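What follows is a short report on a single structure.
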Amino acid sequence: MSHPFAEYWRWHTGYRISRDIIQPPQRLATPDLVAQKGATITSSIGASLTRDSRDVIAAPTKGAQTTPRSTSPGLGGDSQFLQGDLPPDLLQTDLARPHLGMRGEAGYEAGWGGKEVPLVRALYLGGPNTIALQIPQRFLL
């Protein structure tokens, strides 16, 4: 569900339930994958807030879009973790000047109730232009 509430703003909320089955190959499976073998049910609620000031959604020439999101599984099911991310987009152009476009994304996840984030729900880096920064858990509060 979502609804606009100001000129550039919209709130979103939703519910998701999924059943994921992990059946790792015998020889190539990592210990983490073997440990999560079997079926996992994830029941979660999520919320986000969007600010979208792009001039045209299909082919914007100026403006920005930002949507911080949060997901909290643990409403029944087998998974208990928190997940949040912030994927901002910025595009500012002027036909007389070069175009400037940027995209970045940051995310955080943590298990709770003695459970870890399932591999199928974990945040992963990907794509040809990815720059990774991984902080070991011992350095986090």
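Overview of results
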read-out	value
FRET efficiency estimate (nearest 0.05) - Cβ-Cβ, Thr61 to Leu82, R0 41 angstrom	0.65
Debye intensity ratio in log₁₀ form over the Cα atoms of the range 1-67, taken at each q of 0.17, 0.21, 0.22 Å⁻¹	-0.73, -0.86, -0.91
Ile21-Ser43 FRET efficiency (beta carbon distance; Förster radius 22 Å; 0.05 resolution)	0.85
Gain in span if fully extended, Tyr108 to Glu7, counting 0.36 nm per residue against the direct Cα distance	33.4 nm
Size of electric dipole in the range 3-85: Cβ of Lys, Arg +1 and of Asp, Glu -1, about Cα centre, debye, nearest 20	100 debye
Charge context of Asp20, other residues only, Cβ under 13 angstrom, K/R +1, D/E -1	+3
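Laboratory data are not the source of any read-out in this text; all were calculated from the coordinates shown. Being a predicted model, the structure only gives us computed values, none of them experimental. Neighbour counts run over all protein chains shown; Cβ positions are idealised from the backbone, glycine included.
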